[in-house]
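Below is one structure, written out as structure tokens; comments come after it.
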Amino acid sequence: LGKFSYSRELDPSKVEVVCREDSVYIGELDPITGLKQGIGILVTTEGRMYEGEWRRDQKHGYGREIVLNEFYFIGNWYDDRRSGTGKMTLSDGTTKEGCWSRYSRSKFLITYPDGRQVHSGS
């Protein structure tokens with residue numbers, strides 16, 4: 001999918017590698033708490049990958065998530081949830097583009113592979 005651009009560059013002196021039974025994280029950690037903080041990549045054994053910004057061990061800021069054979073999402077996150085503008089591309093080529101919301105129904109422009117478009121949400 002290509003190189004991912006951040007609002008700032010990853011500081012190589014802060015990069016840590018954390019291996020767990022079900023995942024590998026490569027990126028910045030809070031030096032005191034050891035939680036994911038800053039920029040990093042998490043890859044799980046279930047076929048999920050998130051690359052982007054972290055805060056207090058949660059996806060927070062700008063990032064992209066890939067779930068193998070399901071979807072690709074690029075956009076904003078808040079406390080581990082998609083929140084704000086973003087675009088999701090499903091495995092069949094359908095896209096959902098718009099504003100994700102943590103607390104209310106999200107608004108999307110859905111574009112199907114045949115070119116049809118539908119507005120969804122309130």
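Please treat every number below as a calculation from the coordinates, not as lab data. Here the structure is a predicted model, which means the values were calculated and not measured. All Cβ positions, even for glycine, are placed from backbone atoms using ideal geometry, and neighbour counts span all protein chains on display.
Below is a table of values for the structure above.
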item	result
Gaussian network model of the chain, Cα within-10 Å springs - most flexible of Tyr72, Tyr112, Tyr25	Tyr112
Residue-by-residue Karplus 3J(HN,Hα) for region 19-34, coefficients 6.51, -1.76, 1.60, Hz, glycine and proline x	9, 10, 4, 10, 7, 10, 10, 10, x, 7, 10, 5, x, 8, 8, x
Sparse-neighbour loop sites [trypsin sites (Lys or Arg not before Pro); region 38-118; at most 10 other C-beta within 10 Å; DSSP]	Arg105, Arg116
Charge dipole (debye, nearest 20) of region 12-120; +1 at Cβ of Lys and Arg, -1 at Cβ of Asp and Glu	500
Virtual spin-label span in nm between Thr33 and Arg116, 7 Å along Cα→Cβ	4.6
Count of Lys pairs (Cα-Cα under 15 Å; at least 8 positions apart or interchain) in the chain	5
Region 12-89, relative contact order in percent, only Cα pairs under 8 angstrom and at least six apart counted	17
Two-decimal ratio, the chain, of alpha-carbon radius of gyration to 2.2 N^0.38 Å	1.15
Selected from Gln117, Val18, Ser91, residue furthest toward positive end of dipole (region 12-120; charges at beta carbon)	Gln117
